[in-house]
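Here's the structure we're looking at; comments come further down.
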Amino acid sequence: MPGDARSPADPYRRGFEEAGIGLVIVDPATNRIYDANRFLTTLLGYEAGSLPGQPVTVFGDGPDVLFAGIRRWTTTSGTPLDVRIRPSAATDEGHLRTFVVERVDADDIVRSEENRAALTAAGLGEWRIDLADGLLRVSRRAAHILGFPPGTSLTWPQVAGLMEAPEVERVKATARAAMRAGTPFAIEARLRRAGDDIEIRVSARGQAIGAVGDRSGIVVGVLQDVTTRVGARDALRESEERLRIATSLAELGIFEWHMLDDQAVWENERMFAIFGRRPEEGALGKREFLSTVLHPDDRPAFRRAISTALREDSTLQASGRIQRAHDGAWRIIDMAGRFESDAPDRLPRRLIGVVADVTERRIAEERQALLIRELHHRVKNTLATVQAIVGSTARTASSIESFYEAFVGRIMSLAHTHSVLTEDTWQTASLRNLLENELRPYGDGASDGPGARRIVLDGPPVDLASEIAVPIGMAIHELTTNAAKHGALSTQEGRVTITWNVTEDADGKTLHLEWSESDGPPVRPPTRQGFGSRLLQRVLTAQVRADIATSYPPEGFRLTMTAPLPARTEGLNPLA
């Protein structure tokens with residue numbers, strides 16, 4: 001067959017040999033190479049004139065080795081080579097056929113016609129702007145997205161007419177800046193589709209090719225309708241914002257913990273505030289949380305809660321004490337979370353949850369429980385005191401009127417002491433306040449202020465715990481009543497001086513109080529023991545554990561009391 005080739009002097013033969021592209025002539029009847037030019041021989045690594053007579057399978061395996069399109073051939077060294085093949089039109093059966101062969105690179109391959117279907121499947125439409133005439137040429141898919149008929153060449157005013165003026169300026173500014181810098185650009189814009197005026201969101205990506213300043217060159221790119229995606233993104237963003245506001249108002253910290261690498265992501269600032277860490281210090285993993293932050297006594301319960309949630313595929317519920325980083329304070333947290341996997345029937349890979357600082361709430365709950373116990377105790381004691389008042393007053397009263405007067409006075413004194421205790425958040429009563437309230441009706445102005453003559457109060461501030469404030473208040477009422485009926489306060493010249501102080505030793509604090517009357521009527525020891533005397537001797541001794549000493553010199557009644565001061569319950573302290 002090669003012997004039938006035209007002579008080298010033939011201009012057609014010379015053009016065949018010197019062509020700057022690969023040419024091969026094949027005999028379809030035998031599927032053998034009839035002739036191949038120098039360019040193709042060199043491209044495949046063969047010696048000149050060695051290809052004629054060879055079967056076409058030297059180019060590669062398979063029946064489609066000479067089909068139109070991009071094919072993979074093999075060089076003499078066995079190296080794969082991607083080539084584009086364009087065959088001549090078929091004529092009569094058995095007639096020689098010519099094939100044009102050119103090498104293609106990876107970019108040419110992915111731009112092949114076979115891949116255009118992938119662009120359409122992805123919803124991408126191609127476009128091209130020739131800067132020389134300014135016309136926008138769009139593919140069928142791009143024209144469909146914009147709402148124009150296929151094959152339409154668009155002008156910029158036509159495209160700009162689909163958008164609001166601010167959107168037009170933003171698109172122009174972004175594209176021009178990218179073209180001047182020679183970089184790709186990506187634009188997302190809102191427009192109303194031509195034809196039906198429906199609002200859509202499109203994403204356009206492009207790249208200028210060639211010069212831009214003198215208007216030569218082109219700009220090519222792709223267009224995609226992203227309306228659904230943007231709607232979903234906006235809905236997600238709104239949902240996240242609602243969640244952020246809700247968790248912020250609820251003061252909840254949000255976290256995500258990845259199990260395999262023990263890494264945590266803290267989603268909001270509240271997490272850092274709860275643990276007393278700065279954002280630049282990063283989040284805590286499980287290992288560090290359990291070993292250094294969580295209270296040692298709470299670690300076993302936390303581990304059991306995590307294991308139970310994993311084993312039973314249930315919600316994690318755990319509570320414990322943590323030591324805050326920036327000040328070392330111990331805080332109480334509640335944690336709730338759910339283990340999630342990447343796919344059904346897969347092991348969980350992460351824990352998503354929330355954390356709340358419940359320290360103040362727990363303290364309030366404990367204080368409330370303590371107050372309820374305190375209330376029960378006080379009611380029990382009060383009822384016992386009322387019962388004693390009724391019995392003793394009845395035994396010493398000479399008439400219904402005297403019984404009523406004494407009983408009402410003692411009950412009012414009891415009520416007043418309880419009122420003082422209730423108004424104080426820490427459930428204490430000031431000794432000075434108890435004295436002033438009882439003695440105020442008998443004083444001249446302020447009980448211990450300038451010009452005071454009848455009543456003198458002298459002592460440091462002393463807060464009485466509830467368990468001793470009631471009996472001491474009752475004792476002050478009885479002392480005042482006795483002084484008003486029989487003692488110094490029964491005359492205008494009489495005086496009452498109350499002094500007190502507090503000492504402290506290894507056993508605690510002790511109150512020393514002295515009640516001294518003077519300038520009243522002459523005093524004689526009582527012939528019988530009334531309720532007040534029994535209260536002083538029994539109630540104070542039994543409930544307050546006080547030592548009481550009384551004397552009746554002619555110049556005025558005297559009483560001294562030494563009583564231990566119980567420590568106040570810290571759980572009732574609002575500042576604790």
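If you filter segment 339-364 down to residues that are in contact (Cβ under 8 Å) with a residue 24 or more places away in the chain and charged (D, E, K, R), you find that the one that is farthest from Gln317 (Cα to Cα) is Arg349. Among the residues making up segment 136-156, those that are surrounded by fewer than 16 Cβ atoms within 10 Å (Cβ to Cβ) and outside any helix (DSSP H, G or I) are Pro149, Pro150, Gly151, Thr152, Ser153, Thr155. Note on segment 157-173: among residues that are assigned to a helix (DSSP H, G or I) and touching a strand residue (DSSP E or B) at 6+ places or on another chain (Cβ under 6 Å), the one that is surrounded by the most Cβ atoms within 10 Å (Cβ to Cβ) is Val171.
Report yes if Arg303 is surrounded by 14 or more Cβ atoms within 10 Å (Cβ to Cβ), touching a Gly at 6+ places or on another chain (Cβ under 6 Å) and either not aromatic (Phe, Trp, Tyr) or not assigned by TED's automatic domain parsing to the domain that holds Leu191 (or both), otherwise no. No.
Among the residues of this structure, Glu238 counts as one that is part of a helix (DSSP H, G or I) and of a type in the set (D, E, K, R). Taken over segment 354-370, the criterion of being over 20 Å from Pro296 (Cα atoms) and at pLDDT 90 or above is satisfied by Val354 alone.
Conditions tested, residue by residue: (1) buried (at least 16 other Cβ atoms within 10 Å of the Cβ); (2) modelled with pLDDT under 75; (3) closer than 20 Å to His258 by Cα.
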site	(1), (2), (3)
Ala318	yes, no, yes
Arg324	yes, no, no
Arg331	yes, no, no
Pro344	no, yes, yes
Pro348	no, no, yes
Val379	no, yes, no
Thr385	yes, yes, no
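The values are calculated or read from the model by the stated rules, or taken from the named source; none is laboratory data. Keep in mind that this is a model prediction, so the values were computed, not measured. FYI the Cβ positions are ideal-geometry reconstructions off the backbone, even for glycines, and counts take in every protein chain you see.
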